[in-house]
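Please treat every number below as a calculation from the coordinates, not as lab data. Bear in mind that the values here come from a model prediction, so they are computed numbers and not experimental data. We place every Cβ from the backbone using ideal geometry, glycine too, and count neighbours over all the protein chains shown.
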Amino acid sequence: MRYRIPFNRPGLVGRELRYIVEAIEHGQISGNGLFTNKCHVLLERMFGVAKALLTTSCTHALEMAALLLDIRSGDEVIVPSFTFVSTANAFVLRGARPVFADIRGDTLNMDEALLEGLLTARTKAIVVTHYGGVGAEMETILAIANRHNVAVVEDNAHGLFGKYKGRYLGTFGCLAAQSFHETKNVVCGEGGALLINEWRYVERAEIIREKGTDRSRFFRGEVEQYRWVDVGSSYLPPDILAAFLYAQLEACEEIQSKRRRIWEYYYQHLKGLEDEKKIRLPVVPVHCEQSYHMFYLLLPSSEERDAVIARLKAHGVLSVFHYLPLHLSPMGQRFGGKLGECPVSEEVSARLLRLPFYNDLSETDQACVVTAVIESLERSATLCTW
């Protein structure tokens, strides 16, 4: 079915096609070309990280993080149950057992109060997802991790340009993964980046990303020939995608301004429903600056959620739910996940609805979405208790 208002629609900001042509004319469209390096420099300058390396996806950035932390069979990695499968899968691929943490009822981020009870002698890492681009409680999480000598990795797929206590998300853990998938704020179709916040990981990250070879050192003239020196894979995106991405990164202020307007329109025009306890809107703590990645509603029940989805569909609007709890998935149950283990994740998953959100979403179309949501809930007698 073709929707009049889709859930997502990628758009151009101006120079994408021009830069793609430049990449072709430059004579290299494979990985680590002219625009790849431009993106690296820009990301490092923006976020003050030791090193930024573009990858073919956020998933691959997480896989690189697992390799850099030397995750092995028998290790345990704590992940939120309410997250994308890659957050866990990248570490499961190295033989780790995922330990599922429940989420907070306000921000829907990992509940830091539960962490101490999940740590064991086998815990090798804590992987934090900043849900919706709102920062998890990194101060507490890092303090716990430091006490137990456990690494922290940020899955920052939602959080580009978001901040926690004045500091950019993606700069807290030793490693962080970014996404430039077409559903994100800044896009290149498929793509990601590994942000490295500790210098000790930089050289090996370059090797892992270059199929386990010291090819990067060879091109810098540091070795006479490049050799196979470690494990690795091909994680380099083509320079054509980097060219597209560079144009988007250059226009990040314009993009963020548009997304802020869209987010605030939804919030202002749906606040009345929250006041009537028919929905709950996203919570952004005062010490967090969100990334304006998405807009979601929590409905009183799964039945109410499904009714709103159907009402929007009748208006030609595509709205969607989000993650199914990982601990209840077939793979999660293989690792011991059980019903009731993460009750907040289970409750939120059944009631959460995401509204259309993309850079070029017009106020006229937003008004249609808001009207359909209000019409769907105006006769509802069920109240939201969150």
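Observations, loosely collected:
- Per-residue extension of 0.36 nm, minus the Cα-Cα distance of Ile374 and Glu22, leaves a gain of 121.9 nm for this segment.
- Degrees, to the nearest 10: 252-275 long Cα axis against longest axis of the chain: 30
- Cβ crowding within 10 Å averaged over residues, with 228-240, 131-143, 23-35 ranked highest first: 131-143, 228-240, 23-35
- Tail fraction, Cα-Cα pairs, the stretch 164-292, threshold 17 Å, whole percent: 72
- Pair Val85, Glu222: separation of 7 Å Cα→Cβ label points (nm): 3.7
- A simple charge model with +1 on the Cβ of Lys and Arg, -1 on the Cβ of Asp and Glu and nothing else charged puts the dipole of the chain at about 280 debye relative to its Cα centre.
- On Cα atoms only, tilt of 34-47 relative to the major axis of the chain in degrees: 60
- Dividing the helix sum by the residues of the chain, where each DSSP H run of 4 or more adds -39500 (n - 2.57), gives a mean residue ellipticity at 222 nm of -11500 deg cm²/dmol.
- Net lengthening on full extension, Val41/Ala307 (0.36 nm per residue, minus Cα-Cα): 91.0 nm
- On Cα atoms only, tilt of 239-250 relative to the major axis of the chain in degrees: 60
- Pairwise label distance in nanometres, Asp230 with Leu12, each label 7 Å out on the Cα-Cβ vector: 4.0
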